[in-house]
Amino acid sequence: MPRTAATESFKFNHTMIRIKDPKLSLPFYMDTLGMDLVSEQNMGDFTLYFLAFNYDGIASLPAEQKAKARFNREGILELTHNHGTESDPNFQGYANGNSEPGRGFGHIAITVNNIEEACARFESLGVPFKKRLTDGKMRHIAFILDPDGYWVEVVPQALSL
């Protein structure tokens, strides 16, 4: 269906996943994947972390402008940390969406210039793989796992299916 005047301003802004421990998840998304922290909001019993790739200069804006700009662009990842999960010995973790119970959500995806180099880097950093390039039929994509077990698909920027 074509966009109409009623929907022409709509954008896919962000998706949210829950995390157990920001001390593990933030370094994964920022250092391993190269995302920038756009804003952080402590809401009392939980904290929201908004991350994005800095293709539009958002990371260099002052904090107040970054916080406003996060709702005016696409490709934001929101990590929600419910305080206390990181130190709760009974916490079972979150459903990653790829197994029962909780099958539904599947993965997020990033594109890379050179998938072989990216996967070699992930390997050297000790990032766990769900699927390596050499696994299965689809040998042009990989899946890595974040600290909570969420799948991150790694796709080359030029991909023919």
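The values are calculated or read from the model by the stated rules, or taken from the named source; none is laboratory data. Everything quoted here is computed from the prediction, not taken from an experiment. Backbone-built Cβ (ideal geometry, glycine too); neighbour counts: all protein chains shown. To get the accessible areas, we keep the full protein, side chains included, count just its heavy atoms, and leave off ligands, DNA and RNA. Shrake-Rupley method; radii C 1.70, N 1.55, O 1.52, S 1.80 Å.
Overview of results
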quantity	calculated
Extent along principal axes [Cα atoms of the stretch 97-156; Å; largest to smallest]	34, 24, 18
Chain lengthening between Asn98 and Asp36 when straightened (0.36 nm per residue, less Cα-Cα)	19.7 nm
Label-point gap, in nm, between Asn113 and Lys68 - each point 7 angstrom along Cα→Cβ	3.4
Computed label-point distance, nm, for sites Glu123 and Asp88 using a 7 Å Cα→Cβ extension	3.8
The chain - mean residue ellipticity at 222 nm from DSSP helices (-39,500 (n - 2.57) per run, n ≥ 4, rounded to 500)	-4000 deg cm²/dmol
Residues in the stretch 76-107 reached by a label modelled at Phe46 [backbone nitrogen below 16 Å; 7 Å Cα→Cβ]	77-86, 92-96
Cleavage-rule hits, chymotrypsin sites (Phe, Trp or Tyr not before Pro), the stretch 1-87, DSSP coil, Cβ neighbours within 10 Å at most 12	Phe10, Phe12, Tyr55
Convex hull of Cα atoms in the chain, direction-averaged projection (nm²)	12.5
Computed P(r) (all Cα pairs; the stretch 4-60; 10 Å bins; percent)	18, 45, 25, 10, 1
Amide H within-cut-off set for Val38, under 5 Å, with H built and near neighbours excluded	Phe50, Leu51, Ala52
Integer Hz, Karplus 6.51/-1.76/1.60 couplings in order for the stretch 82-88, x for Gly and Pro	7, 4, x, 5, 5, 10, 8
Fraction of accessible area attributable to carbon and sulfur, the chain (%, probe 1.4 Å)	53
Mean shadow area of the stretch 37-132 over all directions, Cα convex hull, nm²	8.8
